[in-house]
Amino acid sequence: MANLAKQAASGFLSMGALVFVITSLFLFIGKNLFFSGWTADHATITPLRWLSSTMVPVIVVSWGHGRKSLSTSGALLALIVGFFLTLAHYSFFFCLLALLITSSKASKYKQEITAKQDKDVKDGGQMNWLQVLCNAGIAFELCLLYLLDIGSSDLPVDFRHQYRASWLGMAVLGAISCCNGDTWAKEFGTVLATADPFLITTFQKVPKGTNGGVTPVGIVSSFVGGLLIGVAYFFGILMTAASMDMEIAPNQLLVILVGGLGGLVGSGLDSLLGASLQFSGKDAKTGKIVEVAREGVIPIAGKMVLDNHSVNLVSSILTALLLPKIALAVGL
């Protein structure tokens, strides 16, 4: 029965990928026919760029689904998100790729321990469609704005000469680094920390798994998780940005630092929201931390206003708004 379900999921993803590729090619033909002409000289997006934006996400998502990093629903949504991120800026896609790989690895790390507190990790660390949406939805919307305002262009971060492109690029970096930093803080903070966390709003000791609980290990992990997204963004710039743009741009190594700060700030905002607007309580019978107030649950912190997905979404929005200012402050 398990093999049949696995084959059905694989077949469904293959069919979805085929429909995605065919639809993408027809969209390119329609775009050229009605908007930008048939020749490469008149095309705003080259055929090679469109083809790579179609095929690269298909290959990566198929690989992630095969390694059980993505569920079938998560893989299908990641195809669409990956297409537009790659079309806008290769660095955006590399950030998404780093998020999918590193967050999945973190979620799978010592799964038997993290599963006791984690409500979101399913099927051994697989990301479903809702997690993909909450982790990459804001980046997806920002990349659409990038395409509408800047176009398909791999520009370095340079607020002096390319302010709008740099602002949108750093906002994308902020949204993704926030999600990765929070995942790393949650997973490694739970596994590696020897002492109980403290609540970020009151600094009181709370049980592991409490929303808004932080540890020194988790804080460092959030910075490292953000750094990895920054490295991915820098790698995309290094590979694709024009040498003429790179000559007049600031030192792009600062992007890595900004990514780390995005992970740190994003994780902190997530913890603040979790401690105040997300309920945490201890079930008197099982001793587990739960997010629903009911009879037999001892309240620890927070109100039942947001759930875990909502907290992730709001914190990624706030980090996306803050990180361009941080990037400007550090000299980009």
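The values are calculated or read from the model by the stated rules, or taken from the named source; none is laboratory data. For clarity, every value in this text was computed on a predicted model and none was experimentally measured. Virtual Cβ from ideal backbone geometry, glycine too; neighbours counted across all protein chains shown. Heavy atoms of the whole protein, side chains included, go into the accessibility calculation; ligands, DNA and RNA do not. Shrake-Rupley method; radii C 1.70, N 1.55, O 1.52, S 1.80 Å.
Tabulated data for the structure shown
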| quantity | calculated |
| --- | --- |
| Protection proxy ranking of 242-251, 50-59, 220-229 - average other beta-carbon atoms within 10 Å, highest first | 220-229, 50-59, 242-251 |
| With DNA, RNA and ligands ignored, accessible area of residue 187 (1.4 Å probe; Å², nearest 10) | 0 Å² |
| Long-range HN-HN contacts of residue 301 with modeled amide H, under 5 Å | 280 |
| Interchain or long-range residues, amide H under 5 Å from residue 70's placed H | 65, 127 |
| Percentage relative contact order, segment 203-332, counting C-alpha pairs under 8 Å, at least six apart | 28 percent |
| Long-range amide H partners of residue 288 with built H, under 5 Å | 283 |
| 3J(HN,Hα) from dihedral phi, segment 308-323, Karplus parametrisation 6.51/-1.76/1.60, rounded to Hz, x for glycine, proline | 5, 5, 5, 4, 4, 5, 5, 5, 5, 5, 5, 5, 4, 6, 7, 5 |
| Gain in span if fully extended, residue 238 to residue 59, counting 0.36 nm per residue against the direct Cα distance | 62.2 nm |
| Stretch gain in nm, segment residue 330-residue 245, where the contour uses 0.36 nm per residue and the Cα spacing is subtracted | 28.7 nm |
| Projected-area average for segment 143-227 over all orientations - Cα convex hull basis, square nanometres | 7.1 nm² |
| Whole-Hz couplings from phi, Karplus 6.51/-1.76/1.60, listed for segment 46-60; x for Gly and Pro | 5, x, 5, 5, 5, 5, 5, 5, 8, 7, 4, x, 4, 5, 5 |
| Estimated D of segment 187-270 in µm² per second, where Rh is the Kirkwood radius over Cα pairs and Stokes-Einstein applies at 25 °C, 0.890 mPa s | 171 µm²/s |
| Cα-Cα over 30 Å, subset of 105/285; 105/208; 282/325; 105/282; 68/303 | 105/285; 282/325; 68/303 |
| Length gained when the stretch residue 144-residue 67 is fully extended (0.36 nm per residue, less Cα-Cα span) | 24.8 nm |
| Using θ = phi - 60° and Karplus 6.51 cos²θ - 1.76 cosθ + 1.60, couplings along segment 184-192 (whole Hz; Gly, Pro as x) | 5, 5, 5, 6, 6, x, 6, 7, 8 |
| Leading residue at positive end of dipole, segment 124-216 (Cβ point charges), from 206, 150, 168 | 206 |
